[in-house]
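**Student:** First, the structure itself, so that you have it in front of you.
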Amino acid sequence: MKLVYIENNRPVTDSLTVSQTFGKRHDHVLRDIRELECSEDFRVSNFGETPSVHPQNGQTYTKSLITQDGFAFLVMGYTGKEAARFKEMYINEFN
């Protein structure tokens, strides 16, 4: 699985990838993004909702595209040894 990819000429990851990698439910990651205590300007600049088609059932859901800064802000609250390992992987891949 590719952790970081280019979308609109910017390196991003997305809420589905964060969910899978950190072992969190996707709806909880989306909730975490909505509940971040950041400015609305930061949220708009670093988290963008986009449709995502589920490969198994063909239904369309929402996912959030996340910039490097948005990723750092979001996962600062995720803790534990596994979370630290994944944070390091993402940072290395963004770089």
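The values are calculated or read from the model by the stated rules, or taken from the named source; none is laboratory data. The model shown is predicted, which means the values in this text are computed figures rather than measured ones. Quick reminder, even Gly has a Cβ in these numbers, built from the backbone with ideal geometry, and neighbours come from all protein chains shown. Please note that ligands, DNA and RNA were not included when accessible areas were found on the heavy atoms of the full protein model with its side chains. Shrake-Rupley method; radii C 1.70, N 1.55, O 1.52, S 1.80 Å.
**Student:** Can you tell me which condition TYR61 does not meet? The list is (1) assigned to a helix (DSSP H, G or I); (2) in contact with a His (Cβ under 7 Å, 6 or more places away or on another chain); (3) without any contact (Cβ under 8 Å) to a residue 40 or more places away in the chain, and all the others hold.
**Tutor:** (1)
**Student:** What is the number of the single condition among (1) closer than 17 Å to ILE91 by Cβ; (2) open to solvent by 70 Å² or more (accessible area, probe 1.4 Å) that TYR61 does not meet?
**Tutor:** Against the list (1) closer than 17 Å to ILE91 by Cβ; (2) open to solvent by 70 Å² or more (accessible area, probe 1.4 Å), TYR61 comes up short only on (1).
**Student:** Next question. May I ask you to list the residues in segment 7-57 that are of a type in the set (Asp, Glu) and either in a helix (DSSP H, G or I) or open to solvent by 30 Å² or more (accessible area, probe 1.4 Å) (or both)?
**Tutor:** Selection gives GLU7, ASP27, ASP32, GLU35, GLU37, GLU40, ASP41, GLU49.
**Student:** A further question on this structure: If the requirement is being open to solvent by less than 50 Å² (accessible area, probe 1.4 Å) and either in a helix (DSSP H, G or I) or not aromatic (Phe, Trp, Tyr) (or both), which of these qualifies: PHE86, PHE73?
**Tutor:** Just a single option satisfies the conditions, and that option is PHE86.
**Student:** Please work out which one of (1) touching a helix residue (DSSP H, G or I) at 6+ places or on another chain (Cβ under 9 Å); (2) charged (D, E, K, R); (3) within 20 Å of ASN95 (Cα to Cα) is the condition ARG34 fails and give its number.
**Tutor:** (3)
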